[in-house]
Amino acid sequence: MTSGWAGKKSAKKGGFGRPAKGGDRRASRPRGQAPGGRAAEIADDGMVRLFGSHAVEAALNNPRRRVLRLLATENAERRLADVIAARGVPIDRATPGDLDHLLGADTVHQGLLLEAEPLPEPTLEELVKRAAETGPLVLLDHVTDPHNGGAVLRSAAAFGAAGVVMTRRHSPPLNGVLAKAASGALDLLPVLPVQNLARTMLELKGLGFRLIGLEGSAPDRLESERFEGLTALVLGAEGKGLRELTQQTCDRLVSITTGGPLASLNVSNAAAVALHWAAYARHSH
């Protein structure tokens with residue numbers, strides 16, 4: 001049996017190995033550009049633009065999210081009628097073609113585009129308090145792909161993580177593509193961008209956290225970790241894995257036990273496995 005986050009096949013690449021064909025969609029567009037390549041209307045102006053039913057519904061249900069404008073097709077408005085009415089937000093009626101023009105023809109917007117302000121950032125102290133009451137923190141080390149970042153947020157919310165810490169640079173914006181992949185988790189789970197991840201890790205260690213890094217070449221197994229007390233799960237970028245300083249700052253490096261012919265996992269899949277194990281371990285001891 002091999003170990004994977006990824007396992008032996010990926011040890012030379014720091015934790016992931018080669019991504020499967022089509023499995024790693026890099027954030028290659030300019031930060032303010034729409035998925036379909038249209039940047040004129042979608043400028044990098046600090047405004048958050050959310051699309052898709054789950055992301056928009058979660059934002060409307062979040063009293064901390066200041067909504068500026070909602071564009072919706074007639075069908076989409078009907079689907080979210082109760083939520084829209086409860087929030088009291090005015091609607092700009094749009095056609096699917098209008099939203100395609102704004103967001104790009106390949107964007108799955110489901111007839112909805114919400115313009116809003118960014119959420120207030122949590123403090124590290126707030127995340128520490130949540131971790132003492134719920135589950136582990138998730139730390140992302142230069143995970144740049146918004147689909148992967150959003151999927152990690154979704155798993156973190158599903159398995160009761162306390163929150164997510166990511167680097168302020170070399171991370172996707174907390175906006176449309178990530179929010180769509182997060183399926184509403186962006187408005188359900190606190191996310192803290194930090195300037196220096198290693199420094200934040202040291203702060204957490206000083207507060208009593210045990211930092212567990214996922215690394216495919218690690219001989220220790222995730223399944224031996226009990227996730228007791230204050231813990232943080234540290235994940236690195238696809239292909240490169242955890243950076244050297246991040247590895248050195250972790251208390252323990254572990255890999256996920258695998259048994260199939262492919263000993264490599266996408267970062268979001270590995271996060272889901274690890275967070276499920278953390279939830280199971282906490283509840284079974």
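The values are calculated or read from the model by the stated rules, or taken from the named source; none is laboratory data. Values in this document were obtained by computation on a predicted structure and should not be read as measured data. Counting neighbours? That spans all protein chains shown, and the Cβs are built from the backbone with ideal geometry, glycine included. We work out accessible area using only protein heavy atoms, side chains counted, and drop any ligands, DNA or RNA first. Shrake-Rupley method; radii C 1.70, N 1.55, O 1.52, S 1.80 Å.
Taking first residues from the range 189-218 that are among the β-branched types (Val, Ile, Thr) and partners that are open to solvent by 60 Å² or more (accessible area, probe 1.4 Å) and outside any strand (DSSP E or B), the Cβ contacts under 9 Å between residues at least 6 apart in sequence or on separate chains come to Val191/Glu121; Val194/Arg168; Ile212/Asp251. Given the structure, is Ser255 over 20 Å from Gly208 (Cα atoms), buried (at least 23 other Cβ atoms within 10 Å of the Cβ) and of a type outside the set (A, V, I, L, M, F, W, C)? Answer is yes for this residue.
Residues checked against (1) at pLDDT 95 or above; (2) surrounded by 20 or more Cβ atoms within 10 Å (Cβ to Cβ); (3) more than 19 Å from the chain's Cα centre (by Cα); (4) under 15 Å from Gly184 (Cβ atoms):
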position	(1), (2), (3), (4)
Val56	yes, yes, no, yes
Leu60	yes, yes, yes, yes
Val83	yes, no, yes, yes
Pro90	no, no, yes, no
Asp98	no, no, yes, no
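Any residue that is among the β-branched types (Val, Ile, Thr) and under 26 Å from Pro118 (Cβ atoms) - is there at least one of those in the range 209-228? Among the residues of the range 209-228, not one is among the β-branched types (Val, Ile, Thr) and under 26 Å from Pro118 (Cβ atoms), which makes the answer no. Using the structure shown, decide if Leu204 is surrounded by 20 or more Cβ atoms within 10 Å (Cβ to Cβ), more than 20 Å from Ala272 (Cβ to Cβ) and in contact with a strand residue (DSSP E or B) (Cβ under 8 Å, 6 or more places away or on another chain). Here the answer is yes, as Leu204 does meet what is asked. For the criterion of being touching a residue at least 40 places away in the same chain (Cβ under 8 Å), open to solvent by less than 50 Å² (accessible area, probe 1.4 Å) and in a loop (DSSP other than H, G, I, E, B), Val143 passes.
In this entry, Ser217 passes the filter for residues that are open to solvent by 20 Å² or more (accessible area, probe 1.4 Å), touching a helix residue (DSSP H, G or I) at 6+ places or on another chain (Cβ under 6 Å) and within 16 Å of Arg252 (Cα to Cα).
Conditions tested, residue by residue: (1) free of Cβ contacts under 8 Å to residues at least 12 places away in the same chain; (2) in contact with a Pro (Cβ under 9 Å, 6 or more places away or on another chain).
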residue: Ala232; (1), (2): no, yes
residue: Gly236; (1), (2): no, no
residue: Leu245; (1), (2): no, no
residue: Leu253; (1), (2): no, yes
residue: Pro261; (1), (2): yes, no
residue: Leu265; (1), (2): no, no
residue: Ala271; (1), (2): no, no
residue: Trp277; (1), (2): no, no
residue: Ser284; (1), (2): yes, no
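Within the range 271-282, does at least one residue satisfy the condition of being part of a strand (DSSP E or B), open to solvent by less than 70 Å² (accessible area, probe 1.4 Å), within 26 Å of Ala181 (Cβ to Cβ) and not acidic (Asp, Glu)? Can you show your working first?
Taking the range 271-282 first, the residues part of a strand (DSSP E or B) are none.
No: zero hits.
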